[in-house]
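Read-outs throughout are calculated quantities, based only on the coordinates presented, and are distinct from any laboratory measurement. Nothing here was measured: the structure is a model prediction, and the numbers come from that model. Glycine also receives a Cβ, built like all others from the backbone with ideal geometry; neighbour counts cover every protein chain displayed.
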Amino acid sequence: MSATLSAAAVTVLGTAAAFEKCRLTRAFAADRAEGRLAAPGNEAPPPRPARPERPVLLAPREMPKRAYGGEKGRIGLIHALAHIELNAIDLAWDMVCRFSAEAMPGAFLDDWVRVALDEAIHFEMLAGLLHRLGAAYGDLPAHDGLWQAAEKTADDLMARLVVVPMTLEARGLDTTPTTIERLTRNGDDLTPPALEVIYRDEIRHVAAGLRWFRFLAERRGLDGKAEYHRLMADRFPGGLKPPFNHDARAEAGFPRDWYEPLGR
Ligand SMILES: [Fe+2]
Ligand SMILES: [Fe+2]
């Protein structure tokens, strides 16, 4: 067997069509679980993953204001979340193959393959909801800023873990329960169950980020909390937006005295 895990990752990153990206993610995750992609390899990822022709990607300031409430608002919200999940599939595969020089343990690679699989399931679930509402991923314009976090942290695995799972995915834990409540109050019984699944999985993704951040801090002889603060000041200087979901963050193993002082 000559195929390596990083070659598989590069294949997914180079695949533009969203459902094909998901299908390959499922296939490679099964291969990895069954021992067919055991060799990590050292194929390097492309600077930017391939994306479908639609949705049209717009700069954040060009994004039309999303309709609030009603069927249109619901489609807009689910479409925006689906776009985030598609990006998250690529972020997970990028994590698998970008930092091969770190020679991370197989368990690290297993964790991010599992994350990629979760994100593919999240995307498919949201795309399924759009379909039930008579819409599809690609119908609306989407935000082009999401890959910036990857570009800004392509040089250092600890910085990547701090910005992506420990900041952006942790932010999802803070906001998702409020979104679920609001939708439920508006009589939406379709979207909240999907968001519950995503919420539970994202706690695991944040936990994986923290676990490997701590592993690297120890390997490099650094104090985890001090290094987290140093990297946040350097790579995410705007700080964090409270209120925090302390329960979910605690479940993910995030010490309150790490993130709370960064609230602004
Ligand atoms: Fe997700
Ligand atoms: Fe995630």
Return a yes/no flag: does segment 6-22 have any residue that is touching a Gly at 6+ places or on another chain (Cβ under 7 Å) and either closer than 13 Å to CYS97 by Cα or surrounded by 13 or more Cβ atoms within 10 Å (Cβ to Cβ) (or both). yes
(Q) Any residue that is within 15 Å of ligand 2 (Cβ to nearest atom), of a type in the set (S, T, N, Q) and buried (at least 16 other Cβ atoms within 10 Å of the Cβ) - is there at least one of those in segment 189-208? (A) no
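What is the residue count in segment 46-61 for residues that are touching a residue at least 24 places away in the same chain (Cβ under 8 Å) and either in contact with a Ser or Thr (Cβ under 8 Å, 6 or more places away or on another chain) or not in a loop (DSSP other than H, G, I, E, B) (or both)?
4
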Among (1) away from ligand 1 (no atom under 16 Å from the Cβ); (2) within 25 Å of ARG51 (Cβ to Cβ), GLY128 falls short only on (1)
For segment 128-156, the count of residues that are under 23 Å from VAL96 (Cβ atoms) and either within 16 Å of ligand 2 (Cβ to nearest atom) or crowded, with 19+ Cβ neighbours inside 10 Å (or both) equals 5
Of the residues in segment 229-241 that are under 15 Å from ARG171 (Cβ atoms) and of a type outside the set (Gly, Ala, Ser), the one that is surrounded by the fewest Cβ atoms within 10 Å (Cβ to Cβ) is LYS241
Expected output for segment 116-140 (first residue over 16 Å from ALA17 (Cα atoms), partner β-branched (Val, Ile, Thr) and more than 14 Å from ligand 1 (Cβ to nearest atom), Cβ below 6 Å, 6+ apart or cross-chain) is LEU133/ILE75; ALA135/ILE75
Within segment 234-260, the residues that are in a helix (DSSP H, G or I), farther than 16 Å from PHE213 by Cβ and in contact with a strand residue (DSSP E or B) (Cβ under 9 Å, 6 or more places away or on another chain) are GLU260
Consider PHE108 carefully, then state whether it is within 16 Å of ligand 2 (Cβ to nearest atom), within 21 Å of PRO192 (Cα to Cα) and among the aromatic types (Phe, Trp, Tyr). no
